[in-house]
Amino acid sequence: SCSYAKASGGLSVLSVVSVLALIVLSHYFPNEYTEQEAKKLGVVGWVKNTSQGTVTGQVQGPEERVNEMKSWLSKVGSPSSRIDKTNFSNEKEISKLDFSDFNTRY
């Protein structure tokens, strides 16, 4: 039961800093799948593999699209990964997007 600020264009904008605890079957999580899904859904932000074998990132966009991305990250992920746990934190309303696209950080 949260309310979301209206951004330009009348879209609800939600920022989610997502700490994604993903246990992967291979040592490399191919983030191009995450990028493809984010671009398909029209959300922006970034994703990064950590040295602990997890993936972290931030997703911003309309609430509905961000929720779709969270669902994909929790249940689908990339083909070579097995998702044991996801943790989404620092969900907050934002007045404008901080990113113009979605990319992988190294």
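List of remarks:
- Qualifying positions in the range 52-85 - more than 11 Å from Thr34 (Cα to Cα) and at pLDDT below 80: Gln52, Gly53, Thr54, Ser80, Ser81, Arg82, Ile83, Asp84, Lys85
- Condition met for Ser78 (open to solvent by less than 30 Å² (accessible area, probe 1.4 Å), among the polar types (S, T, N, Q), out of contact with any Ser or Thr (no Cβ under 6 Å at 6 or more places or on another chain) and closer than 23 Å to Tyr106 by Cβ): yes
- Close pairs from the range 69-83: first over 17 Å from Gly45 (Cβ atoms) and in contact (Cβ under 8 Å) with a residue 60 or more places away in the chain, partner part of a loop (DSSP other than H, G, I, E, B) and of a type in the set (Gly, Ala, Ser), Cβ under 7 Å, at least 6 apart: Ile83/Gly77
- Subset of the range 11-51 that is at pLDDT 85 or above and assigned to a loop (DSSP other than H, G, I, E, B) - its residue that is nearest to Ser95 (Cα to Cα): Val43
- Residues of the range 45-66 satisfying the condition of being touching a residue at least 12 places away in the same chain (Cβ under 8 Å) and over 9 Å from the mean Cα position of the chain (by Cα): Lys48, Asn49, Gly53, Thr54, Val55, Gly61, Pro62, Glu63, Glu64, Arg65
- Listed by first and then second residue, the pairs linking a residue in the range 91-106 that is outside any strand (DSSP E or B) and modelled with pLDDT under 90 to a residue that is of a type in the set (Phe, Trp, Tyr) and surrounded by 15 or more Cβ atoms within 10 Å (Cβ to Cβ), with Cβ atoms under 6 Å apart and 6 or more places separating them unless they lie on different chains, are Arg105/Trp46.
- Just so you know, in the range 60-72 the residues that are touching a Ser or Thr at 6+ places or on another chain (Cβ under 6 Å) and not in a loop (DSSP other than H, G, I, E, B) include one that is least open to solvent (accessible area, probe 1.4 Å), and it is Gln60.
The values are calculated or read from the model by the stated rules, or taken from the named source; none is laboratory data. As the structure is a computational prediction, the values presented were derived from the model and not from experiment. Heads up, the Cβs are rebuilt from the backbone with ideal geometry, glycines too, and the neighbour counts pull from every protein chain shown. For the accessible areas, the whole protein counts, side chains as well, though only heavy atoms, and no ligand, DNA or RNA atoms are used. Shrake-Rupley method; radii C 1.70, N 1.55, O 1.52, S 1.80 Å.
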